[in-house]
Amino acid sequence: AEKTAAHIRADMLAPLDVDLNISGFRLTGRIDALYPDKMVRYRYAKIKAKDRIRTWVRHLVLNCAYLPGYPRTSMVAGMDRAWTAWEYGPVEDAEKILEKLLERYWQGLMKPSPFFPESSWEYARQILERDRPAGDALQKAWGIWTGNAFIDGEGEDLYYDLCFKNLNPLE
C-alpha cells in the first residue's frame, strides 16, 4: 500500500464500460482501477511478461475508448529486486495497434502462434534496456526458454511442448 500510494493521488473513477468495433471484432468489457492520472495495475510479486501484456492491451483499449476526465496513461508495478513501475503514455494510433493484435489473436485461434512472452520480453529487454547485440540478446532469451537447474524454462510449458515440440521457438 505504501508503494502504490505515491501513484494514487485521488479517488478512484467509476469503471469505464467499453464497447468497441475494430476491424470486424467487437470488444466489450469494463476497465477498472482508474484514477484521474492513470490506470494502475500492481502485484506484490515480480512483474511477468503477461502482466505487461495485459496492461498494454487494456491501455490500448483505454486509449481507444477515451472519455474526458479519464486517463490515457497506465502503469503496472510490482516487486522485482525493488519496487518497479512501468508506465505507458498516451497512444495516438491505439486503434491501429489493437487491430493488429486482434488479427494476430484471430490467426492464433486457427493455428498456434509461436509467441513466448517471457523469452520475447527478455530478448527485447536486452536490446532496448541493455543495448546488447541481437546475438547476445538471443542467447539470454534462450536461457529463459531452457531454464537451468534452479528455474524451469518457459519451454517446459506443456502447451508449448504440445504445439511446438519439433521447432526452434526462437527462430
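The values are calculated or read from the model by the stated rules, or taken from the named source; none is laboratory data. Since the model is a prediction, treat every value here as computed from it, not as a measurement. Positions of Cβ are backbone-derived with ideal geometry, glycine not excepted, and every protein chain shown enters the neighbour counts. Protein only, heavy atoms only, side chains kept; ligands, DNA and RNA dropped before computing areas. Shrake-Rupley method; radii C 1.70, N 1.55, O 1.52, S 1.80 Å.
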Quick one: putting +1 on the C-beta of Lys and Arg, -1 on the C-beta of Asp and Glu, what dipole do you get for the range 1-84 around its Cα centre, in Debye to the nearest 20? 440 debye
Compute the length gained on full extension between Leu101 and Asp152: take 0.36 nm times their separation in residues and subtract their Cα-Cα distance, giving the result in nm to one decimal. 15.5 nm
Provide the FRET efficiency to the nearest 0.05 for the Thr28-Ala124 pair, computing r from the beta carbons and using R0 = 35 Å. 0.70
Inter-site label distance for Met110 and Glu2 at 7 Å from Cα along Cβ, in nm: 5.4 nm
PRE zone check, label point 7 Å out along Cα-to-Cβ of Tyr159, amide N under 14 Å, scope the range 46-69, hits 50-51, 54
Under the Karplus curve 6.51 cos²θ - 1.76 cosθ + 1.60, θ = phi - 60°, whole-Hz ³J(HN,Hα) for the range 65-70, x wherever Gly or Pro sits: 9, 3, 10, x, x, 9
Cα radius of gyration and Dmax for the range 56-171 (Å): 17.0, 52
Show me 27-39, 3-15 ranked by packing, highest mean number of other Cβ atoms within 10 Å first. 27-39, 3-15
Mean residue ellipticity at 222 nm from the helices of the chain, using -39,500 (n - 2.57) per DSSP H segment of n ≥ 4 over the full residue count, to the nearest 500 deg cm²/dmol? -12500 deg cm²/dmol
Over the chain, average the accessible area per residue using a 1.4 Å probe and give it in Å², no decimals. 68 Å²
Output the peptides 136-147, 160-171, 108-119 sorted from most to least packed, where packing is the average of other Cβ atoms within 10 Å over each peptide's residues. 136-147, 108-119, 160-171
Quick check: the distance between the Cα centres of the range 1-43 and the range 74-101, to the nearest angstrom? 12 Å
Along the charge dipole of the range 81-160, Cβ charges K/R +1 and D/E -1, which of Thr84, Pro114, Gly147 sits furthest on the positive end? Gly147
Is any residue of the range 82-126 close enough, with backbone N under 11 Å, to a label point placed 7 angstrom from the Cα of Arg132 along the Cα-Cβ axis, and if so, which? 122-126
Treating only the Cβ atoms of Lys and Arg (+1) and Asp and Glu (-1) as charged, compute the dipole magnitude of the chain about its Cα centre; round to the nearest 20 debye. 160 debye
What part of the accessible area of the chain, given as a whole %, is carbon or sulfur when the probe is 1.4 angstrom? 53 percent
